[in-house]
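**Student:** One structure is given below, represented as structure tokens, and several questions about it will come after.
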Amino acid sequence: MTMDIVISMSKVLKLCVLITLLVGVQATADCDFSDFPTMAEMKVSALMNDAQYNNRPMMVRSFSAGTSIDSVVGFYRRQWDDRYAESKFGPWQQISTLESDCFFTVQYAGAGEGAFGRLLISMVPESESNAVLGVGVIKPGDALVVSDLLTDDGPKAGRVTVITSEQSVSELVNFYRTEMAMDSWSLEQSFSEGGGSVLVFRKGVDESNIVIMPAGDASQILINETEIN
């Protein structure tokens, strides 16, 4: 098995966590990181420069800081005075504020004597988007698209789509083997683990990892696509 092309179940779970953490993050040109205060100790880097989550633009950066969590939280409490809320979301603690129509969130955790996390910018939506999710993604007829994340990092574009289906894991494996072959994708690797299955396809330099996992009486499908522009 060629490890550089196979996505493991642990990597799949990390992708699911990332998608979950980004729920509700929608950004527009009216909100940008020039308005997001940062500490001098923070090293900030782009996590997603040009992305869309469920058909809405999104802005995310990551940070690390050689200072304590208490220092990070104290900094944002001072910056945002009494205009902040603190909460817990998944594995993260977070502190947020609303300025005009821009919602700023710091998700943070500790690493030894340092801290790390994400800076998220969202804009309060005026109305819910009615756009269809998962357009262009190969999916079974009964598919329900839970989330659709698109990224574009210059020479490489990515897409992570989470789908649920009433079909069994084995039925879905057969479906994707057939449908991907009809779309000129070649199956390079396949294996089963923990009741789920992983299929790795290639089309030229493009790659598609499809992970199918049991989820109660249904199945969950995670499609991780990488396209070289």
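**Student:** Find the centroid of the Cα atoms in the stretch 92-113 and in the stretch 166-190, then give the distance between the two in whole Å.
**Tutor:** Each part's Cα centre sits 40 Å from the other's.
**Student:** Tell me the per residue accessible area of the stretch 74-229 using a 1.4 Å probe; a whole number in Å² is fine.
**Tutor:** Result: 52 Å² per residue.
**Student:** A further question follows. Enumerate the amide H contacts of VAL146 below 5 Å, restricted to partners 5 or more residues apart or on another chain; note that Pro and chain-start residues carry no placed amide H.
**Tutor:** When sequence neighbours closer than 5 places are left aside, the close amide H contacts are VAL162, ILE163, THR164.
**Student:** At 0.36 nm per residue, minus the direct Cα-Cα distance, what do ARG77 and GLN189 gain on full extension? Give it in nm, one decimal, please.
**Tutor:** Working: separation 112, 0.36 × 112 = 40.32 nm, distance 4.97 nm.
Gain in length upon complete extension: 35.4 nm.
**Student:** Which ³J(HN,Hα) values in Hz, rounded to whole numbers, follow from the phi angles of the stretch 196-201 under the Karplus curve 6.51 cos²θ - 1.76 cosθ + 1.60, where θ = phi - 60° and Gly and Pro get x?
**Tutor:** Values, residue by residue: x, 9, 10, 10, 10, 10 Hz.
**Student:** Share of the stretch 135-188's accessible area from carbon and sulfur, percent, 1.4 Å?
**Tutor:** 53 percent
**Student:** HN-Hα J couplings of the stretch 94-107 from phi, Karplus 6.51/-1.76/1.60, θ = phi - 60°, integer Hz, Gly and Pro as x?
**Tutor:** 8, 10, 9, 8, 10, 10, 6, 9, 9, 10, 9, 10, 10, 9
**Student:** Would you rank LEU149, LEU144 by solvent-accessible area, highest first, keeping every protein chain in place and using a 1.4 Å probe?
**Tutor:** Most to least solvent-accessible, the answer reads LEU144, LEU149.
**Student:** Could I ask something else about it? Can you compute the FRET efficiency between LYS88 and GLU41 using 1/(1 + (r/R0)^6), with r the Cβ-Cβ distance and R0 = 22 Å? Round to the nearest 0.05.
**Tutor:** It comes to 0.40.
The values are calculated or read from the model by the stated rules, or taken from the named source; none is laboratory data. Keep in mind that what you see is a predicted model, and the values were worked out from it rather than measured. No Cβ is skipped: glycine too gets one built from the backbone with ideal geometry, and neighbour counts run over all protein chains shown. With ligands, DNA and RNA removed, areas are computed over all heavy atoms of the protein, side chains included. Shrake-Rupley method; radii C 1.70, N 1.55, O 1.52, S 1.80 Å.
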